[in-house]
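Accompanying notes for the structure given below.
Rule-based calculations on the coordinates, nothing more; no lab input. Just so you know, these numbers come straight off a predicted model, no measurement behind them. Virtual Cβ from ideal backbone geometry, glycine too; neighbours counted across all protein chains shown.
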Amino acid sequence: MEQVIYLLRHGETILNSEGRYQGELDSPLTSVGIEQVQNIARLLKMVAHEPKDWEIISSPLGRAMQSTEIICGILGYDLNHVVTDHRLSEVSVGSWAGLTSMEIESSWPELLKNTDHYNWYFNSPDGESYESVVERVTSWLESIKNKEKVIVVSHGLTGRILRGVYSNLKKEQALTLDVSQSSFYKLNNQRFERISYEFDEF
């Protein structure tokens, strides 16, 4: 059996548009976010062919489920057949949820010392560690190893780490992977490729 996983991120949310870190908070999609998901779903429909042959698994967080509902509508997939799995939820940033980077830096400056743009999330005093996220996405990947065709709706940071684990990347490599709401990823044979509806005009 050759497994194919399509990994999607939810569309832009209100908190995204405000530059606030969500973690496990819920925030509805913006009109831009809804359009992003619609575009992704149309592209997914072209590459996935027969939607009924696929299993759709989603993070249970509201923004992921709102995106999943839009995707199912365009694919013609029964929303009642979607499986939710908490292991696909976004990385918890604890007390930092809902805050901007400036607000975090002003209140916890000592916790951001010796961090960079990619790894500071894991310094939240009551947030989730990188290792715990690796553990849960590894567990999830193991749980679907016998499924041939899987469509996954998850989140930005969790999606980075999931791709990193899938392709055996080091932490530093995984955390610098692209995060986009205008593309999704095909995971196959321990490699992944980006599929986007945006293109450069020459």
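Pick the calculated mean projected area of the Cα convex hull in nm² for this structure from [x] 15.5; [y] 11.9; [z] 13.5?
[y]
Ignoring everything except DSSP H segments at least 4 long, calculate the 222 nm mean residue ellipticity for the chain; use -39,500 (n - 2.57) per segment, divide by total residues, nearest 500.
Dividing the helical sum by the residues of the chain leaves -10500 deg cm²/dmol.
Taking Cα centroids, how far is the stretch 112-189 from the stretch 39-83 in Å?
If we compute the Cα centre of each part, the gap is 20 Å.
Which loop trypsin sites (Lys or Arg not before Pro) in the stretch 120-202, with loop taken from DSSP, have no more than 15 other Cβ atoms within 10 angstrom of their Cβ? Could you put the intermediate results ahead of the total?
Numbers: sites: R136, K145, K147, K149, R160, R163, K170, K171, K186, R191, R194; in loops: K145, K147, K170.
Hits after loop and neighbour filter: K145, K147, K170.
Beyond 22 Å between alpha-carbons counts as too far, so tell me which of K52/K149; K147/K171; K149/K170 fall in that bin. Please report the intermediate quantities before stating the final value.
Values: K52/K149 10 Å; K147/K171 27 Å; K149/K170 26 Å.
Violating the 22 Å limit, Cα to Cα: K147/K171; K149/K170.
For Cα pairs less than 8 Å apart in space and 6+ apart in sequence, what is the mean separation divided by the residue count of the chain, i.e. the relative contact order in percent? All intermediate terms of the calculation are to be shown ahead of the outcome.
On the way: 358 pairs, mean separation 64.8, N = 202.
Here the relative contact order equals 32 percent.
Mind putting a number on the dipole of the chain about its Cα centre? Charges go on the C-beta only, +1 for Lys and Arg and -1 for Asp and Glu, and I need it in Debye to the nearest 20. Each step should come with its number before you reach the end.
Values: 19 positive and 29 negative charges, 104 e Å.
Taking the Cα centre of the chain as origin, the dipole is about 500 debye.
Skipping prolines and chain starts, which residues have an amide H placed within reach, meaning under 5 Å, of the one on G98, given they are 5 or more residues away or on another chain?
Y21, Q22
In whole Hz, with x marking every Gly and Pro, tabulate ³J(HN,Hα) for the stretch 174-183 from phi via Karplus 6.51 cos²θ - 1.76 cosθ + 1.60, θ = phi - 60°.
4, 6, 9, 5, 4, 10, 9, 9, 10, 8
How many nm is it between the label spots at K186 and E148, if each spot is 7 Å from the Cα in line with the beta carbon?
Distance between the two pseudo-spin positions: 1.7 nm.
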